[in-house]
Amino acid sequence: MVNRPDKERTITIKINGNQRSYEENKIPENKLNQEDLENDRLIVDEDQKVNFDYFSSNEAAATKETTDDDNFDWILPEDTFEQPDLVEYKIATQSKKSNKKGLSAFGSSLKKNNRNGLLTSVFITVFFAILLGTSFGIIMLKLVKTENTTETELPVIAEPAPEEKEEGSETVFIKPLSTFVIQGGVFSTVESAKQVQEDYIQKGIPSQIIEMNEQAVLYLSVANSIEDAKELGQQLKGKDIEVFAKPVTFEEKSINGLLPEEKKFIEAAPFIFEIMTAGATEAAVDNSISEETLNNIEKQAAILKAIKTDQFKDEGIISLKSELDLAYAQLKAYSESNDSNVLTKLQQHLLRVLSTFQSIS
């Protein structure tokens, strides 16, 4: 309660324990009639009374207070909203303080622990650094040694395993091989025959030693007939050589354990030899090969080409086919060039065919 002076009205308000003053200007002496003012303020529509009841009551209360010239009490509603705010503010302030205290305490403990464990941390760091460095160095050293060892090691070359040839089961019966030859001599031993052979080789005469009936026979040429053999012998006698023309027969034989391709070849070989001997005889006697003989030679050569030695296992049969192939090559060369030197090579291959045929068993 605050007393009002004569000329002015002072209102004192207490907010949260603090007093504040508020002054209003003096009401003019010629103020309106109190009753007129009250009537004016109380004239309100019925609808407005319902909606603004709160405000009307306040106005009525204010009007009544103005009628009291001596005493004027201000009854202010308590600020119900400030107290929760203050409580919340105090709680928040306390939490911040407690947090600050907690952080400070934690920081202080860390500083204290850091001071106490400084040497331990340094020791652990240095220890692990040395351990890691040593481990890394050992690993690198092993890698370098491994690389050097790999470079110096020579690659191991695996030797291919020899192919096992199929065992043959074929049996072939070879008829006697008959031909005509120019014989250069008969010797008791191969060594004595070789001494004479070397003399013939120096003179450019073909020769081949064949062992027959425990003797070493030296043959100088083959021929298609006895007459042709004698003719060839006369040519050799002109070189101051003693020769003898004669027929020769190589005994029949049976060969076992042949492969199918070997059997096919050995059965055809005697006839192929006969055709090539005819061509060599014509070339030596007539200095030419007839067309008919050349056609027969080509037919037999086709048979030779069709037979593959990679399907052979017998070394004697492989050698026999090789000599027949070379004899055909010389016949082909002579038919194209008529070179007499080719005939010497041709006769040498045909003589080797006889020697190989004799040795096959």
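The values are calculated or read from the model by the stated rules, or taken from the named source; none is laboratory data. Keep in mind the model is a prediction, meaning the values are calculated, not measured. Note that each Cβ is placed from the backbone with ideal geometry, even for glycine, and that neighbours are counted across all protein chains shown.
Odds and ends about this structure:
- Residues being in a loop (DSSP other than H, G, I, E, B) and either crowded, with 17+ Cβ neighbours inside 10 Å or assigned by TED's automatic domain parsing to the domain that holds Ile275 (or both) - total across segment 172-214: 5
- Within segment 325-351, residues that are over 15 Å from Thr293 (Cβ atoms) reach partners that are of a type outside the set (A, V, I, L, M, F, W, C) and part of a helix (DSSP H, G or I) with beta carbons closer than 7 Å, at six or more positions or on different chains, in the pairs Leu326/His349; Val342/Gln330; Val342/Tyr334; Lys345/Gln330; His349/Glu323; His349/Gln330.
- Residue within segment 245-257 that is crowded, with 17+ Cβ neighbours inside 10 Å and assigned to a helix (DSSP H, G or I) present: no
- Annotation: of all residues in segment 283-319 being in contact (Cβ under 8 Å) with a residue 40 or more places away in the chain and within 22 Å of Ile182 (Cβ to Cβ), the one that is surrounded by the fewest Cβ atoms within 10 Å (Cβ to Cβ) is Asn287.
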